[in-house]
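What follows draws every value from the coordinates through simple rules; no lab data is involved. Since the model is a prediction, treat every value here as computed from it, not as a measurement. Quick reminder, even Gly has a Cβ in these numbers, built from the backbone with ideal geometry, and neighbours come from all protein chains shown.
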Amino acid sequence: MNKSKILVPLGKKSYEVTIEAGIRKKISEELFKIGVKNNRKILVISNKEISDLYIEEFLKNLKDNNYQVQIFLIKSGELHKNLETLSEIYNFAFEFGLDRNSLIIALGGGIVGDITGLAAATWLRGIEYIQIPTTLLSMVDSSVGGKTAVNHPKGKNLIGAFHQPKAVFIDPETLKTLPKREFNAGMAEVIKYGVIKDKELFEFLENEKNKNKIINLENEYLIKIINSSIKTKSHIVSKDEQEHGIRAILNYGHSFGHVIENLCGYGEFLHGEAISIGMKIAGKIALEKGLWSNEEFIRQDNIITSYSLPNKIPKINKKEVITILMGDKKVRDGKMRFILPKGIGEVDIYDDIVESLFLKYFS
């Protein structure tokens with residue numbers, strides 16, 4: 001598999017995700033295919049790390065094809081995924097003269113994609129944007145589905161909107177410059193898809209030969225796991241775009257993951273690392289409730305550690321755990337809702353989990 005296209009079917013808001021090695025190098029050609037005409041103003045949002053690697057070639061391709069382009073670099077890290085950074089983007093957009101016919105491109109990881117999406121959703125009440133994710137985590141998760149957000153001091157992604165991109169272009173070659181720890185963190189989301197909906201993907205990831213090919217960043221294997229992950233997400237998003245029901249299962253491991261990110265301090269754990277621990281906790285709860293077998297719990301634990309992800313639960317104050325969980329976006333009518341596995345490839349949503357069942361895992 002050298003190229004893949006996946007439709008995210010959302011009626012008038014439908015779009016395609018294209019996965020192809022080297023696609024970033026011919027961005028103008030791809031834009032023209034989806035109706036982005038020359039002379040349109042394009043604001044590219046990225047960060048210094050990505051800019052240093054790709055931006056010169058990227059901007060040259062756009063300018064050589066008569067697009068009016070400016071770039072704005074945001075500061076890296078969760079600490080800067082906030083309203084202050086969003087305001088800086090607005091200021092730059094105003095100075096550039098970004099109008100309703102303009103386009104914003106997110107070139108970077110999940111933080112760049114999330115904040116760019118929110119800027120596009122809210123600038124002039126909404127303009128078109130495109131996702132070009134450069135990390136595994138953003139490729140398989142945040143770039144698809146239209147969730148956009150910034151953090152609030154009281155919680156992660158509390159300020160946001162649903163705003164679908166016009167297209168998503170994924171170049172697996174960018175993963176070759178990704179720090180190993182970042183790549184491993186992205187694998188947590190891939191494993192998540194295997195647990196929630198794709199037993200075949202889970203078994204593919206378990207296979208030792210496949211694992212070595214993935215870890216060695218062979219394009220064919222990267223495209224395979226990215227393609228499988230996005231197909232699952234596309235299917236779920238098409239049924240429940242704004243998370244009123246089934247889409248919540250995409251948050252498997254995330255409730256406790258967000259607790260860990262928040263209470264351990266952003267940066268102590270990468271998002272995917274926190275999610276892997278969150279999956280461990282959800283798996284333990286499911287085991288105690290008899291939802292899945294000890295063998296399945298061990299398989300999840302083994303696959304997490306085999307991709308060099310953490311699964312040891314950090315020491316966290318129990319009262320603070322409840323505070324963060326009650327502020328979670330998945331709370332409905334004052335009840336905490338948890339995504340728990342019923343087996344490899346199947347999960348469900350539960351709102352009857354007593355606090356004592358999970359608080360004992362924290363100090």
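Before moving on, here are some points about what is shown:
- Residue among 120, 167, 286 with the largest mean-square fluctuation in a Gaussian network model of the chain, springs linking Cα atoms under 10 Å: 286
- Each Lys or Arg adds one and each Asp or Glu subtracts one; over the other residues with Cβ under 12 Å from the Cβ of residue 47, this totals +1.
- Proximity of backbone amide H atoms, modeled 1.01 Å from N, is registered between residue 170 and 18, 19, 20 at under 5 Å, excluding neighbours fewer than 5 places apart on the same chain.
- When the C-alpha to C-alpha distance is required to be over 22 Å, the pairs from 147/213; 176/211; 41/63; 147/360 that qualify are 147/213; 147/360.
- Those trypsin sites (Lys or Arg not before Pro) in segment 120-189 that DSSP places in a loop and that have at most 14 other beta carbons within 10 Å: 154
- The chain: antiparallel DSSP beta bridges as a percent of all, rounded to 5: 45 percent
- Listed pairs 233/335; 12/197; 33/231; 199/319; 81/335; 81/284 exceeding 30 Å between Cα atoms: 199/319; 81/284
- Most positive-pole-ward Cα, 274, 79, 62, against dipole of the chain from beta carbon charges: 62
- Computed [θ] at 222 nm, deg cm²/dmol, the chain (DSSP H ≥ 4; -39,500 (n - 2.57); rounded to nearest 500): -13000 deg cm²/dmol
- Ordering 51, 234, 143, 293 from the fewest to the most neighbouring beta carbons within 10 Å gives 293, 51, 234, 143.
- Less than 5 angstrom separates the built amide H of residue 361 from none of the residues sequence-distant by 5 or more or on a different chain.
- Sites listed here are GluC sites (Glu not before Pro) in segment 249-315 whose DSSP assignment is loop and whose Cβ has at most 15 other Cβ atoms within 10 Å: 268.
- Put a plus charge on the Cβ of each Lys and Arg, a minus charge on the Cβ of each Asp and Glu, and nothing anywhere else: the dipole of the chain about its Cα centre is then about 420 debye.
- Each residue in 36, 168 was given a count of other beta-carbon atoms within 10 angstrom of its own, and listing them fewest first yields 36, 168.
- Taking the chain and dividing mean pair separation by its residue count, relative contact order in percent (alpha carbons under 8 Å, at least six apart): 16 percent
- Of 229, 308, 87, the one that fluctuates the most in a GNM where the chain has Cα springs shorter than 10 Å: 87
- Proxy reagent accessibility, fewest Cβ within 10 Å first, across 139, 279, 326: 326, 279, 139
- Working from Cα pairs under 8 Å separated by at least six residues, relative contact order for segment 141-288 is 23 percent.
- Net charge over other residues, Cβ less than 12 angstrom from the Cβ of residue 127 (K, R count +1; D, E count -1): +3
- Result for the chain in a Gaussian network model with C-alpha springs under 10 Å: among 127, 246, 339, the largest mean-square fluctuation is at 246.
- Which of 27, 9, 43, positive extreme of dipole for segment 1-43 (C-beta unit charges): 43
- Loop-located trypsin sites (Lys or Arg not before Pro) across segment 1-78 with a Cβ neighbour count of 12 or fewer within 10 Å are 37, with loop assigned by DSSP.
- Alpha-carbon centroid distance for the pair segment 141-191 / segment 226-242, whole angstrom: 14 Å
- Spatially, segment 282-331 and segment 336-363 are offset by 8 Å when compared through their Cα centroids.
- Residue 221 sits among other residues whose Cβ lies under 10 Å from its own Cβ, and their net charge, with Lys and Arg +1 and Asp and Glu -1, is +2.
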